[in-house]
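The values are calculated or read from the model by the stated rules, or taken from the named source; none is laboratory data. These figures come from a predicted structure and were not determined experimentally. Note that we place each Cβ from the backbone using ideal geometry, even for glycine, and neighbour counts take in every protein chain shown. The protein model used for the area step is the full one, side chains on, heavy atoms only, and it has no ligands, DNA or RNA in it. Shrake-Rupley method; radii C 1.70, N 1.55, O 1.52, S 1.80 Å.
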Amino acid sequence: MNHSSISTSSIVEKHFSGRVQEYDESASLQREVARKLGRSLEPWRLTLPPGPVLEVGAGTGYLTEELYRLFPERELTATDLSPAMVEWCRERLSGMGDVRFDQMDAESFEPNENRYALVASSFATQWFRDPALTLERFAEALLPGGLLLASFPGEDSFPEWRELCVELGLPWTGNPFPKTEEMVIKLSMGPSQVDYYEEPAQVSFPDALSFFRHLKQIGADASLHGKQLPAKDFRLLLREWDRRRGGKPLQVTWHLVFLALKRDS
């Protein structure tokens, strides 16, 4: 069965469900980004309208912990596409009071009678087929004055890998990342104000193979387009990348995006 015959959601769910523990132990950047997202919410603690909080793509609960710390008095629902992630989250965070954990496909979300003061998501947007459309649906579920906050790797992530592929005449086989400016323009067409900021984050690895193993450990090797390098080309990529680092650790750059949408009051 090829990737065109199964949904993006099925591919993502399969990869993450099989690597829950590896993800929890290995996703150090995702943990730090969740903390940054939590810190960015501090000024909003007293200004959000009354109402519940929804988390999209909870993973193993990095952001869930931040949300509970900031809003312990609010109803909090943490959701994830992977049932295995949801169960891990429920067990690991069982002492966190009255938090609800649900399985949900974010791309199938439809605004209904439920309205939220805050919708938050960290490192999930890049897995949506249409990131702007999916976030727009969650924005429609905000209460007046409510906030949607999301972090994700943007389109300029992994420039070192991309540039090397160009030089070697190899196709870049990574998944497409959200185009930030395009998303902001689309989201700004609704009754809301949208702002964002970007920052690079470099992560070190002993060698090129360690980088690709890390992607597998955090579920990010899930190919949404079915592209894979033949073994001989992959070996060439590893060999040349290691040669160029000259014995130093391999540096790989993530292009981090933090997006905030405030619904008009």
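When we screen 64, 79 for residues that are farther than 24 Å from residue 198 by Cβ, outside any helix (DSSP H, G or I) and polar (S, T, N, Q), the only hit is 79.
Among the residues making up segment 26-35, those that are modelled with pLDDT of 90 or more and either open to solvent by less than 60 Å² (accessible area, probe 1.4 Å) or more than 17 Å from residue 71 (Cβ to Cβ) (or both) are 28, 29, 30, 31, 32, 33, 34.
When you check residue 42 against the structure, is it of a type outside the set (Val, Ile, Thr), modelled with pLDDT of 95 or more and part of a helix (DSSP H, G or I), yes or no? Answer is no for this residue. The residue pairs whose first member lies in segment 101-114 and is under 15 Å from residue 80 (Cα atoms), whose second member is polar (S, T, N, Q) and at pLDDT below 95, and whose beta carbons are closer than 7 Å, counting only pairs six or more residues apart or on different chains, are 105/9; 107/9.
Taking the criterion of being surrounded by 13 or more Cβ atoms within 10 Å (Cβ to Cβ), in a loop (DSSP other than H, G, I, E, B) and either in contact (Cβ under 8 Å) with a residue 60 or more places away in the chain or not polar (S, T, N, Q) (or both), the residues of segment 162-176 that qualify are 170, 172, 174. Look at segment 135-153: where a residue is within 20 Å of residue 30 (Cβ to Cβ) and open to solvent by 10 Å² or more (accessible area, probe 1.4 Å) and a partner is of a type in the set (Phe, Trp, Tyr) and in a strand (DSSP E or B), sitting 6+ places away or on another chain with Cβ atoms under 8 Å, you get 149/258.
What tally of residues in segment 96-117 results from selecting those that are farther than 16 Å from residue 58 by Cβ and either surrounded by 15 or more Cβ atoms within 10 Å (Cβ to Cβ) or of a type in the set (Gly, Ala, Ser) (or both)? Of the residues in that region, 3 qualify. Of everything in segment 123-137 that is in contact with an Asp or Glu (Cβ under 7 Å, 6 or more places away or on another chain) and in a loop (DSSP other than H, G, I, E, B), the residue that is farthest from residue 151 (Cα to Cα) is 129.
One residue alone among 78, 120 is open to solvent by less than 10 Å² (accessible area, probe 1.4 Å), of a type in the set (A, V, I, L, M) and in contact with a Leu (Cβ under 6 Å, 6 or more places away or on another chain), and that residue is 120. Evaluate segment 235-249: report whether one residue or more is at pLDDT 95 or above and of a type in the set (Gly, Ala, Ser). No, segment 235-249 contains no residue that is at pLDDT 95 or above and of a type in the set (Gly, Ala, Ser).
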